[in-house]
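Data first, discussion second: the structure below is written as structure tokens.
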Amino acid sequence: FLVIHTLSHLLINELIYDSGYSAASLSERVFVNYEDSEKEEMSGLLIYTSAGDTEGTMGGLVRLGKPEFFNKIFNNALRKALWCSTDPVCNETPRQGPYGLNQGACYSCSLLPETSCELNNSFLDRGIVVGTQSNPDMGVFQL
């Protein structure tokens, strides 16, 4: 869950540059099934416009989901996640955010406006996605 939710935030932060929408205009929906042993495990995410516009999607949010655009956006999001302007504090602080439910997450790297996150910017950890400075092999995605 941490990986998918944090990845969603990283992608939204990257999509704002190519889509024409602000981060507050994009929202996420995270789908993870890991508790029900009778069903297959699955995970996914949906990024959508929460504030429609009369012109449709200004920068073509749907178009950015095509492989020729999305692959670049995905790689850029992961590369930017390797470093945060508040590191090492951001990525090495044991508990932070609301109720201490985040690991490596701050507004410089992975937190979003409140309207964008369905979980109030909780359960985020950039380190589990791309690793930390002290443990780069910890990340699910190795760059």
field: Long-range amide H partners of Leu112 with built H, under 5 Å
entry: none
- line: Here the net charge surrounding Cys109, from other residues whose Cβ is less than 15 Å away from its Cβ (Lys, Arg +1; Asp, Glu -1), is -1
task: Starting from the Cα gyration tensor of region 1-123, take the square roots of the eigenvalues, sort them a ≥ b ≥ c, and report rounded, prolate or oblate (rounded when a/c is under 1.5, otherwise prolate if a/b is larger than b/c, else oblate).
output: oblate
message: Under a Cβ-only charge scheme (Lys and Arg +1, Asp and Glu -1), can you give me the dipole magnitude of the chain about the Cα centre, in debye to the nearest 20?
response: 400
- prompt: So, with a 1.4 angstrom probe, what is the percent of accessible area on region 78-143 that is carbon and sulfur?
  reply: 60
Hz values of 3J(HN,Hα) by residue in region 136-143 - Karplus curve (6.51, -1.76, 1.60), Gly and Pro given as x: x, 7, 6, x, 5, 9, 9, 10
query: Roughly how much of Thr49 is accessible, in Å² to the nearest 10, using a 1.4 Å probe?
result: 40
query: aspartates and glutamates near Lys66 by alpha-carbon distance under 17 Å, same-chain residues fewer than 8 away left out - which ones?
result: Glu14, Asp18
- prompt: Taking only DSSP H segments of four or more residues, each worth -39500 (n - 2.57), what value at 222 nm results for the chain once the sum is divided by all its residues, to the nearest 500 deg cm²/dmol?
  reply: -9000 deg cm²/dmol
- prompt: What residues qualify as long-range amide H neighbours of Ala105, i.e. H under 5 Å apart, gap of 5 or more or another chain, H built at 1.01 Å from N?
  reply: Arg126
- prompt: Can you list the HN-Hα couplings for region 126-133, worked out from phi with the Karplus curve (6.51, -1.76, 1.60; θ = phi - 60°), rounded to whole Hz and with x for Gly and Pro?
  reply: 5, x, 6, 7, 10, x, 10, 5
query: For Asp18, what is the net charge nearby, where nearby means another residue's Cβ is under 14 Å from its Cβ and Lys, Arg count +1, Asp, Glu -1?
result: +2
task: Quick one: compute the contact order of the chain, relative version, from alpha carbon pairs under 8 angstrom and 6+ residues apart, as a percent.
output: 27
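Summing Lys, Arg as +1 and Asp, Glu as -1, what charge do residues with Cβ under 12 Å from the Cβ of Ala77 carry, Ala77 excluded?
+2
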statement: Using alpha-carbon positions, the gyration tensor of region 78-143 gives root eigenvalues a ≥ b ≥ c; with a/c under 1.5 called rounded, otherwise prolate if a/b exceeds b/c, else oblate, the class is prolate
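The values are calculated or read from the model by the stated rules, or taken from the named source; none is laboratory data. Here the structure is a predicted model, which is why all the values come from computation and not from measurement. For neighbour counting, all protein chains shown are included, and Cβ atoms are generated from backbone atoms with ideal geometry for every residue, glycine included. Remember, those area values only see protein heavy atoms, side chains included, never the ligands or the DNA or RNA. Shrake-Rupley method; radii C 1.70, N 1.55, O 1.52, S 1.80 Å.
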